[in-house]
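Following: one structure in structure tokens, then a few remarks.
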Amino acid sequence: MTMSSSNSKIIAIDGPAASGKGTLARALADALDFAYMDTGALYRAVGFEVLFAGGNPESESDALHGCNILSQKLNSDDTILSNPDLRNDKIGNAASKVAAIQSVRDALLDIQRNFAKNPAIGKAGAILDGRDIGTVVCPRASLKLYITANMEIRAKRRMKELQSKGFGVTYKAVLEDMRVRDARDKGRKAAPLMPSGDAIVIDTSDLSQGQMLEKALEYAKKAFS
Ligand code: C5P
């Protein structure tokens, strides 16, 4: 299945954990008045449901059960994706395990494509960030960005983010966790993390958030002119 509407204003942002893609996507959505979806939160929410039920995130039946619970909850309450409990690294790890299962990815595909095609009323377009937005979810997006940064810098950013939210973590543990998660996300058969051939790659290792936004806005201006 491919996106039917190539004219809709869609920005696909992919990249590894703590590359800065979420911060950039939010800032870009504000600046352009686009709707924003953090697709990682969907996989985190499935991981959360699996762990909450005492299941195994690597088991296809447990993970699909988690998807069903999430779909039911999303029908009545879409704020569950903003649950702060989704943000810790235990859930991030469970998310990356359920995300390696193709049937889980299939189950979450329509939610993401519907969002891209029908952004909230009054919004000028949609921005989705994740791992496979430019390659699988929205292959015809008008602008595709692949955001990356070196692993040590990403681990420092993630450590600060987690500490600011009250999670007691060490740099060593965060770095190790990131290594494992990157390897799983890049090495899996189902929609592995990689830049789409037509994505613009931005290395944010030495960029401030303001500089990142400035660059992305320039690309958006060109893409939508
Ligand atoms: O971006 P975030 O760290 O919240 O994503 C959690 C996990 O969900 C990732 O490690 C990845 O395995 C998975 N994911 C994915 N495809 C997406 C978004 C996230 O596989 N589009």
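The values are calculated or read from the model by the stated rules, or taken from the named source; none is laboratory data. Nothing here was measured: the structure is a model prediction, and the numbers come from that model. Cβ placement follows ideal geometry from the backbone for every residue including glycine, while neighbour counts extend to all protein chains displayed. Surface accessibility is based on the protein's heavy atoms, side chains included, excluding ligands, DNA and RNA. Shrake-Rupley method; radii C 1.70, N 1.55, O 1.52, S 1.80 Å.
Pairs please, first residue from the stretch 13-38 and under 23 Å from Val174 (Cα atoms) and small (Gly, Ala, Ser), second anywhere and part of a loop (DSSP other than H, G, I, E, B) and open to solvent by 20 Å² or more (accessible area, probe 1.4 Å), Cβ atoms under 7 Å, 6+ apart in sequence or on different chains.
That search, which allows pairs on different chains as well, returns nothing.
Using the structure shown, decide if Leu143 is under 30 Å from Asn118 (Cα atoms) and either among the hydrophobic types (A, V, I, L, M, F, W, C) or in contact with a Pro (Cβ under 6 Å, 6 or more places away or on another chain) (or both).
yes
Identify, from the list Ser96, Ser82, the residue that is within 13 Å of the ligand (Cβ to nearest atom), in contact (Cβ under 8 Å) with a residue 60 or more places away in the chain and hydroxyl-bearing (Ser, Thr, Tyr).
None of the other options fit; the residue is Ser96.
Restricting to the stretch 178-225, and then to whatever is in a loop (DSSP other than H, G, I, E, B) and of a type in the set (Asp, Glu), can you tell me which residue is nearest to the ligand (Cβ to nearest atom)?
Looking at residues that are in a loop (DSSP other than H, G, I, E, B) and of a type in the set (Asp, Glu), I get Asp198.
Condition (residue is closer than 21 Å to Leu81 by Cα, surrounded by fewer than 18 Cβ atoms within 10 Å (Cβ to Cβ) and among the hydrophobic types (A, V, I, L, M, F, W, C)) applied to the stretch 140-163: is it met by at least one residue?
Looking for residues that are closer than 21 Å to Leu81 by Cα, surrounded by fewer than 18 Cβ atoms within 10 Å (Cβ to Cβ) and among the hydrophobic types (A, V, I, L, M, F, W, C), one finds none in the stretch 140-163, hence no.
Looking at (1) charged (D, E, K, R); (2) under 21 Å from Ile200 (Cα atoms); (3) open to solvent by 20 Å² or more (accessible area, probe 1.4 Å), find the lone condition where Arg87 falls short.
(2)
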